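Student: Below are the structure tokens for one structure; questions will follow.
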Amino acid sequence: MKGDVAAFKEYKPCAIKTMQYSKRHCFWTVVGVLTYLLDIGTDVWVAFQYFMDGRYAWFALTLLFVVSATVTIQIFSYSWFKDDRERERGEETQEEREAPGHCIFLLHLLQMGIFTRYIWLLGKGLKAMKSRCSVSYQGNNIHCVAFAEAADVSMLRLFETFLESVPQLVLQLYIILEYGNIITIQYITILTSFFSIAWATVDYQRCLRRSLHYKEEMQAGLSTVVYLLYKLFTVTSRVLSIILLTILNVVWTSALVVVWLFGTLWAFRQKTTFCTSKTLEVFYRMIVGVFLVFTFFNVKGQNTKVSMTIYYILSALQTLFIMLVIYFLKPSAQRTDYFFPICITVMCTFVLGIICLVLYYKFFHPKKYCVVEPDEVDGLEVGASRQKPSRMNTFVQQ
């Protein structure tokens with residue numbers, strides 16, 4: 001739970017972590033590509049079905065979430081390509097700089113940026129697997145490059161999850177419960193959205209800890225399962241609460257704007273430094289506000305014990321308020337069949353999420369921080385590192 005700055009004093013000397021891109025990493029990269037295609041594909045399919053049925057408002061909303069997420073991904077992906085190329089300018093000729101630049105811009109304009117990154121990641125991953133040696137975080141060979149690419153893809157998937165998958169989940173469940181308009185593709189969309197949320201949150205957490213040399217990696221097994229359940233339970237509780245509020249009165253959903261505004265203002269107050277462009281930094285902070293509508297993230301990698309506690313106390317109060325509104329307004333008879341079971345589900349998932357949160361940070365969180373002890377040949381002071389600055393170091397953390 002403790003982040004980069006606050007935990008600096010707790011660093012402990014330890015062995016240099018090694019990085020080796022293996023077949024397992026390559027396999028999960030392929031799984032990531034498939035889940036992304038499935039998530040986007042089913043959403044476009046259900047939007048097309050709404051259009052064919054004459055449900056133009058549902059078609060527009062479903063497509064809006066898809067487009068807004070993909071455009072956001074392309075903007076940040078292209079910005080990162082430009083930033084990375086700026087760092088490497090001294091090593092290239094003028095022709096080498098310009099030729100790929102135009103191609104990269106065109107690919108992002110055609111909304112193919114994340115696919116380009118996945119292809120590059122697979123290519124570099126295959127090269128890394130042919131290289132037998134594993135390298136430390138102070139190295140800069142193909143293994144390091146492959147993991148850096150994986151980290152970028154993971155961050156983009158997190159954008160896609162909270163800008164597209166989670167809102168899509170709210171929309172499709174709302175349509176099913178309020179209008180009883182049930183088609184098979186809706187269920188597939190809901191399932192793929194859930195799977196995408198699970199995949200993106202766990203994959204990001206693992207990439208985060210792998211990319212930052214002073215953090216221990218999350219271990220596979222029970223640790224990952226508990227973290228996944230914590231995220232899924234809390235997000236599910238939030239999603240169902242929003243759906244109930246929307247069904248009671250669509251206008252009340254505008255209260256989410258207030259929640260988003262508070263999250264955005266908090267991101268501004270933290271003075272995040274994720275982007276090199278001031279305009280893009282403002283956009284990033286607005287997106288962080290969307291993240292915070294659904295779940296907690298450490299905005300600046302600092303000690304979050306107090307912030308997280310306040311966040312979930314406020315979330316509990318908001319959930320309780322919605323339950324009280326439902327109790328006193330007495331939903332119509334046709335809604336009673338599902339309203340109260342969903343209310344129970346909201347409360348249970350929230351409580352279970354908080355229990356998993358406590359269990360994770362009490363028993364399963366990789367708490368140790370370390371600094372690299374350089375050997376005498378390096379000629380570096382203790383704690384120094386030649387690792388290329390990680391973009392994840394300034395992204396939202398957990």
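Student: Residue under question is S254, and the condition is that it be part of a helix (DSSP H, G or I), among the polar types (S, T, N, Q) and in contact with a Cys (Cβ under 9 Å, 6 or more places away or on another chain); does it hold? Explain how you work it out, then say what you get.
Tutor: Details: part of a helix (DSSP H, G or I): yes; among the polar types (S, T, N, Q): yes; in contact with a Cys (Cβ under 9 Å, 6 or more places away or on another chain): no.
Spelling it out, it is not the case that S254 is part of a helix (DSSP H, G or I), among the polar types (S, T, N, Q) and in contact with a Cys (Cβ under 9 Å, 6 or more places away or on another chain).
For every residue, the table says whether it meets (1) under 29 Å from F296 (Cα atoms); (2) open to solvent by 50 Å² or more (accessible area, probe 1.4 Å); (3) at pLDDT below 90.
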{"site": "K2", "(1), (2), (3)": "yes, yes, yes"}
{"site": "C14", "(1), (2), (3)": "no, no, yes"}
{"site": "T18", "(1), (2), (3)": "no, yes, yes"}
{"site": "S22", "(1), (2), (3)": "no, no, yes"}
{"site": "V31", "(1), (2), (3)": "yes, no, yes"}
{"site": "V44", "(1), (2), (3)": "yes, yes, no"}
{"site": "A57", "(1), (2), (3)": "no, yes, no"}
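Student: Would you say D53 is in contact with a Ser or Thr (Cβ under 9 Å, 6 or more places away or on another chain), acidic (D, E), at pLDDT 85 or above and in the same structural domain as L173 (by the TED database)? Walk me through it before giving the result.
Tutor: On the way: in contact with a Ser or Thr (Cβ under 9 Å, 6 or more places away or on another chain): no; acidic (D, E): yes; at pLDDT 85 or above: yes; in the same structural domain as L173 (by the TED database): yes.
No; evaluated as a whole, the condition is false for this residue.
Student: Of the residues L64, L38, only one is part of a helix (DSSP H, G or I), touching a helix residue (DSSP H, G or I) at 6+ places or on another chain (Cβ under 6 Å), among the hydrophobic types (A, V, I, L, M, F, W, C) and in the same structural domain as A128 (by the TED database); which? Step through it out loud before you land on a result.
Tutor: Details: L64 fails: touching a helix residue (DSSP H, G or I) at 6+ places or on another chain (Cβ under 6 Å).
Matching residue, one of L64, L38: L38.
Student: Does at least one position in segment 280-297 carry a residue that is part of a loop (DSSP other than H, G, I, E, B), crowded, with 17+ Cβ neighbours inside 10 Å, out of contact with any Ser or Thr (no Cβ under 6 Å at 6 or more places or on another chain) and at pLDDT below 85?
Tutor: Looking only at segment 280-297, we keep the residues that are part of a loop (DSSP other than H, G, I, E, B), and these are 295-297.
Retained after the next criterion (residues that are crowded, with 17+ Cβ neighbours inside 10 Å): 295-297.
Still in the running and out of contact with any Ser or Thr (no Cβ under 6 Å at 6 or more places or on another chain): 296-297.
With the extra rule that they be at pLDDT below 85, the set shrinks to 297.
Among the residues of segment 280-297, at least one is part of a loop (DSSP other than H, G, I, E, B), crowded, with 17+ Cβ neighbours inside 10 Å, out of contact with any Ser or Thr (no Cβ under 6 Å at 6 or more places or on another chain) and at pLDDT below 85, which makes the answer yes.
Student: Does T234 satisfy the condition of being touching a Phe, Trp or Tyr at 6+ places or on another chain (Cβ under 9 Å) and modelled with pLDDT under 85? Can you show your working first?
Tutor: On the way: touching a Phe, Trp or Tyr at 6+ places or on another chain (Cβ under 9 Å): yes; modelled with pLDDT under 85: no.
No.
Student: Ok, one more. Looking at (1) open to solvent by 90 Å² or more (accessible area, probe 1.4 Å); (2) at pLDDT 90 or above; (3) of a type outside the set (D, E), find the lone condition where K82 falls short.
Tutor: The failed condition is (2).
Student: Tell me the residue from R209, R157 that is outside the structural domain of V288 (by the TED database), modelled with pLDDT of 85 or more and open to solvent by less than 10 Å² (accessible area, probe 1.4 Å), please. Show your work before the answer.
Tutor: Details: R209 fails: modelled with pLDDT of 85 or more.
After applying the criteria, what remains is R157.
Student: Testing Q111 on (1) over 14 Å from L156 (Cα atoms); (2) touching a helix residue (DSSP H, G or I) at 6+ places or on another chain (Cβ under 7 Å); (3) at pLDDT 80 or above, one condition comes back false. Which one is that?
Tutor: (1)
The values are calculated or read from the model by the stated rules, or taken from the named source; none is laboratory data. All values derive from a computational prediction rather than experimental measurement. Ideal geometry is used to build each Cβ from the backbone, glycine not excepted, and the neighbour counts take in all protein chains shown. Surface areas here come from the heavy atoms of the whole protein model, side chains and all, with no ligands, DNA or RNA. Shrake-Rupley method; radii C 1.70, N 1.55, O 1.52, S 1.80 Å.
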